[in-house]
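These notes are about the structure you will find just below.
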Amino acid sequence: MRDRAERIISRRELLHGGAPIKALIDTHWHFDHADRDRVHKLKSGGKTLDEVVAANPTAEFDATWGKGFMNAKNFLGLVYNTL
């Protein structure tokens, strides 16, 4: 059984949208922006990537989003290096 983070979106849902898609997009948007803002604050404060990873700014979302191919450490590196 797949959890919400690994949900497969059917073609019909993509074409017709609806509440499930909107909820998934809203959740992902909140996750992306919250983490970007947290990493930006730490990086602006002079923290290195290792210090940002140690601060674990994604802890709130790790149980849901941090289990796939992009774990928290890799995700934080991606965000950090794009800021």
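The values are calculated or read from the model by the stated rules, or taken from the named source; none is laboratory data. Keep in mind that what you see is a predicted model, and the values were worked out from it rather than measured. Glycine also receives a Cβ, built like all others from the backbone with ideal geometry; neighbour counts cover every protein chain displayed.
Considering the conditions (1) part of a helix (DSSP H, G or I); (2) modelled with pLDDT of 90 or more; (3) exposed (fewer than 10 other Cβ atoms within 10 Å of the Cβ), Val39 is excluded by exactly one of them, (3). Can you find a residue in segment 51-68 that is among the polar types (S, T, N, Q) and modelled with pLDDT under 75? So far as segment 51-68 goes, no, none of its residues is among the polar types (S, T, N, Q) and modelled with pLDDT under 75. Scanning segment 62-83 for residues that are surrounded by 12 or more Cβ atoms within 10 Å (Cβ to Cβ), in a helix (DSSP H, G or I) and in contact (Cβ under 8 Å) with a residue 12 or more places away in the chain turns up Thr64, Trp65, Ala72, Lys73, Phe75, Leu76, Gly77, Val79, Tyr80.
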